[in-house]
Ligand SMILES: Nc1nc2c(ncn2[C@@H]2O[C@H](COP(=O)(O)OP(=O)(O)OP(=O)(O)O)[C@@H](O)[C@H]2O)c(=O)[nH]1
């Protein structure tokens, strides 16, 4: 009927012996197999059918006769894990491998764990079959032990058992699937000497756990590894039981998080803005070096983590020109919570800080707030410089036409609203063309600068002298009554006439004509007042120059 061969690595030899055997001898062999106490059977894995079963094996399935088992449809009763195990066997048996594993049987409710040696064989129709010998029969286990055994067998955790020296004794399906070939504990670890260290460690402690890079069939993976010391119940020899599960995805995620956290720290440290992150209790979560530098804090930023920001604000308020305003504004912003905002802070040492407040919400839940402080002193100075340049005449340094227009408009408005007096002078150099033509343009410029200096040094602080055209100047005089304005005009006229310009060839003098007027509440525009000043100035020109004329 069926024959197995002695050398499982050579299935063809088995076929030869089968065909050369005589019928009676085979029959005799079958009878002999029934006499054995060792359960033996041949299973057709592909069809999930029993192909042969000896008398000792029949009882494992609680059957009365072999025929009963030959007729049985195992596919309907077989568990998915058992089917998977058998499917794994197929290629291994085809390679001629002999597989030693435990299987559980439940004849009549009794639990039996049997050490099965599974060898390849060829069945009558030439297809591959699996010959099983139950090597240790009748190991009766109580139900809970068996359940534990089954759990170990089917768990996705990789369970391997080694002897005291780390040589592999047995392992479950998951451990087998991870590493097809394995002989020692040492071969499990990617790093050398880890196994040796762990074996030593287990001499002092009953168990240990670690996360390690492990070698599996095709690659290296991160595993969580639990090792414990045990004793073989049969031999009394020490054993090491290792349980492993794959944590590669978690480790990859952790590494990515670690990298991005570090990157974030580097970015925060690299920022030249002071950054302070507070939690909802107003405790420091993150602060950078730039923040410490801005406030002259000598301690390293990490020392500030956990600090109470309310107290810190109180002790920092002295840095600001408006200390109470600094603290009150913080409280206002925190009370508003949802609004982002920017403030300008002026420091007592002359610096300007811009402070940005950003409340932090995660999924609509308030998680504290971020303060970003930026030193904008240079920017402010630059802006002031640009503004000054935009409103200053480069030759004389006096306010230019644009600045004159703005100031005159402002003054005209307040004269209209508050009825305060204000005067305007228009000053024009007499016969300036002749100066340019005879002495040259550069000498003419000296005359313009001298006139500017004379105005700058002989007017009140609140008066605004402007160069509004080539050789035309205006003076805005807030609070000045008409007669005072006229007197001032005559004084200036004399001072200008007396001034000497140190020219290259010969020192020279020049005179000016001045028109005087005042701002009136009835003026509809600044053009109205400038036209009056202009008319007065031309009046002075026509009257012979070097004089003051008024037009009220
Ligand atoms: N050097 C110099 N001359 C200027 C500048 N801007 C205007 N001028 C000159 O100022 C002169 C103005 O001449 P005019 O408008 O004819 O009047 P004026 O010669 O002063 O005679 P009156 O105003 O009638 O007394 C012109 O020669 C211009 O070239 C400047 O920035 N520098």
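Taken together, the values in this text are just the output of simple stated rules run on the coordinates, not laboratory data. Quick caveat, the model's predicted, so the values are computed rather than measured. Here the Cβ positions follow ideal geometry from the backbone for every residue, glycine too, while neighbour counts run over all protein chains shown.
Packing, as the average of other Cβ atoms within 10 Å across residues, places the peptides 372-379, 424-431 in the order 424-431, 372-379, highest first. Across region 351-494, the convex hull enclosing all Cα atoms gives 177 Å³ per residue. Considering helices alone, the calculated mean residue ellipticity of the chain at 222 nm is -12500 deg cm²/dmol, with DSSP H runs of length four and up weighted by -39500 (n - 2.57) and normalised per residue. Once you reduce region 470-494 and region 270-289 to the center of their Cα atoms, the two points are 57 Å from each other.
Taking Cα atoms only, the orientation of helix 143-154 departs from the longest principal axis of the chain by about 60 degrees. Using alpha carbons only, how many degrees (0 to 90, rounded to 10) separate the axis of helix 323-336 from the longest principal axis of the chain? The angle comes out at about 50 degrees.
R0 = 35 Å: FRET efficiency of residue 337 with residue 255, Cβ-based, nearest 0.05? Computed FRET efficiency for residue 337 and residue 255 comes out at 0.45. Report note on the peptides 39-46, 392-399: ranked by the mean count of other C-beta atoms within 10 Å, highest first, their order is 39-46, 392-399. Annotation: the antiparallel percentage among DSSP beta bridges lying fully within the chain is about 95.
Dividing the radius of gyration of the alpha carbons in the chain by their Kirkwood radius gives 1.49 for Rg/Rh.
Axis of helix 401-418 versus longest Cα principal axis of the chain: the two differ by about 80°, to the nearest ten degrees.
Measuring from a point 7 Å past the Cα of residue 313 along Cα-to-C-beta, which residues in region 371-393 have an amide N at less than 12 Å? The answer is 371, whose backbone nitrogens lie closer than 12 Å to the label point. Note that region 251-341 carries a Kirkwood radius of 14.8 Å, evaluated over its alpha carbons pair by pair.
For the peptides 360-371, 405-416, the ranking by packing is 405-416, 360-371, with the highest mean count of neighbouring Cβ atoms within 10 Å listed first. Normalised by the number of residues in region 378-489, the average gap of Cα pairs under 8 Å and 6 or more apart makes the relative contact order 35 percent. Our summary gives the chain a relative contact order of 7 percent, counting only alpha carbon pairs under 8 angstrom and 6 or more residues apart. Translational diffusion coefficient of region 155-246 (Stokes-Einstein, Kirkwood radius from Cα pairs, 37 °C, 0.692 mPa s): 252 µm²/s.
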